[in-house]
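The values are calculated or read from the model by the stated rules, or taken from the named source; none is laboratory data. The structure presented is a predicted model; accordingly, all values stated were derived computationally and were not measured. Every residue, glycine among them, receives a Cβ derived from its backbone with ideal geometry; neighbour counts consider all protein chains shown.
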Amino acid sequence: MLDKSISVSSLTECGVCGHGELETVIDLPLFPLTGIFVSERVSDTPHGHDQKLQFCNACGHAQLENVLAPAFLYGEQYAYRSSASHLTPAAVDFFLDCLNQLRPKKHFKLAVEIGCNEMVLLDRMLERSDRAVGIDPLWQRMTPDEKPGREILGKFLEDVDLEVELGGRPDLIVSTHNLEHINDVRGQLARLMDVAADDALFLMEVPDFDLMVENMRFDQVFHQHIHYFGLTSFLKIIEETGGHYQSHFYNYRGWGGTVVVAFTKSANDAAAPAGRPQTADAVRARYGLYQERMDTTERLLAGLSGEMWGYGAAQMLPTLGYHMKTDFGFLAGIMDDCPRRTGLTYPELDVRIFKPDDNTRLDHATVIITALDAVRPIMNRLRDFNPRFVVIPSHVY
């Protein structure tokens with residue numbers, strides 16, 4: 001059942017190649033929202049929205065069937081801030097290393113970042129460009145600090161008049177974890193291609209669908225991510241929008257695995273790699289194994305005695321709870337080192353967030369790592385508390 005107060009549209013054709021016969025590979029009824037933290041749980045309010053993951057057999061692309069209104073998804077309740085993520089510094093360094101390999105020491109005239117969030121990457125772009133323009137609806141409600149050469153457009157990309165508001169033809173267009181949020185991704189990429197300078201470089205990073213399926217990280221499917229690119233479907237959308245592949249890089253250390261793809265507006269000598277896309281049957285098979293893993297983890301926890309805590313107040317925790325069929329009410333709480341989340345909870349989960357301190361003791365408790373993108377740093381952090389047992393819901397991390 002969908003909440004009728006929220007505008008929802010349905011995608012009927014592939015956002016990459018336009019193929020109209022999509023196959024449902026995962027059905028997610030009453031699927032919860034993510035990225036929302038509240039002071040008090042509102043248990044009598046519906047938080048779920050029917051969702052499906054569909055697969056295009058023509059190009060190997062995956063996408064959601066139902067698209068919730070962006071104004072709702074990215075309104076005041078949307079909590080993601082790049083400066084608060086422990087993954088951001090390493091992710092930005094990796095991205096810039098890719099750029100340096102492709103264009104060492106090049107100084108750009110106009111760099112544009114799609115989805116600049118708190119400008120962590122944009123400010124680094126400004127260091128090697130005359131002007132740097134960031135586009136993100138986050139800034140429609142706030143005013144950023146002024147910095148010479150840096151400009152912010154507080155809008156969704158779809159609402160920006162690129163030819164007028166950019167004030168020039170960009171020779172560098174970057175995006176990290178943004179294309180997957182855009183409904184008409186092919187149309188918007190084509191608009192960027194049209195406005196770009198003839199010698200423009202595009203460098204864009206997305207979560208890698210192939211790795212998500214292989215590693216069974218289906219907790220990474222959520223309402224904000226409309227599109228799920230593998231390298232094959234990314235190469236296809238470059239072709240569809242008139243671009244030319246140049247290179248690609250994998251980052252295995254963040255968000256379950258990502259791929260950074262570089263392409264140009266003008267032709268180059270690079271040869272695109274042969275793709276091996278997933279199949280609908282393979283996705284369903286891996287999802288079946290993932291469901292078994294979640295069921296086993298839930299039964300394991302039900303059989304453990306003693307106090308139990310979660311560690312890591314992840315924005316994606318509602319999807320993990322959905323697949324484990326729990327509201328985490330069995331936990332004494334969730335510990336997290338981010339002070340912004342201390343004392344908060346989730347709309348649909350029965351658990352409170354606490355910040356550990358020097359008096360925290362977990363030597364008689366079981367700790368469940370509840371932030372699956374941060375398993376390695378959390379394991380290091382848990383050395384300070386020496387818990388009795390540690391449970392990790394995912395196979396691969």
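Structure summary
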quantity: Whichever residue in the stretch 92-138 is part of a strand (DSSP E or B) and acidic (Asp, Glu) and, among such residues, is surrounded by the fewest Cβ atoms within 10 Å (Cβ to Cβ); calculated: Asp130
quantity: Residue tally, condition more than 18 Å from Pro32 (Cα to Cα) and aliphatic (A, V, I, L, M), over the stretch 293-318; calculated: 5
quantity: Pairs where the first residue, in the stretch 103-116, is at positive phi and the second is in a strand (DSSP E or B), C-beta under 8 Å, 6+ apart; calculated: Gly115/Ile135; Gly115/Ser175; Gly115/Thr176
quantity: Top-ranked residue of the stretch 316-336 - restricted to ones that are under 21 Å from the mean Cα position of the chain (by Cα) and part of a loop (DSSP other than H, G, I, E, B), ranked as surrounded by the most Cβ atoms within 10 Å (Cβ to Cβ); calculated: Asp336
quantity: Residues that are surrounded by 22 or more Cβ atoms within 10 Å (Cβ to Cβ) and over 26 Å from Trp255 (Cα atoms), drawn from the stretch 193-213; calculated: Ala196, Ala200
quantity: Candidate set: the stretch 346-375, residues that are among the hydroxyl-bearing types (Ser, Thr, Tyr) and more than 21 Å from the chain's Cα centre (by Cα); chosen: the one modelled with the lowest pLDDT; calculated: Thr360
quantity: Residue count, the stretch 35-57 (criterion: among the hydrophobic types (A, V, I, L, M, F, W, C), at pLDDT 85 or above and over 20 Å from Gly20 (Cβ atoms)); calculated: 3
quantity: Subset of the stretch 234-287 that is basic (Lys, Arg) and over 22 Å from the mean Cα position of the chain (by Cα) - its residue that is surrounded by the fewest Cβ atoms within 10 Å (Cβ to Cβ); calculated: Arg276
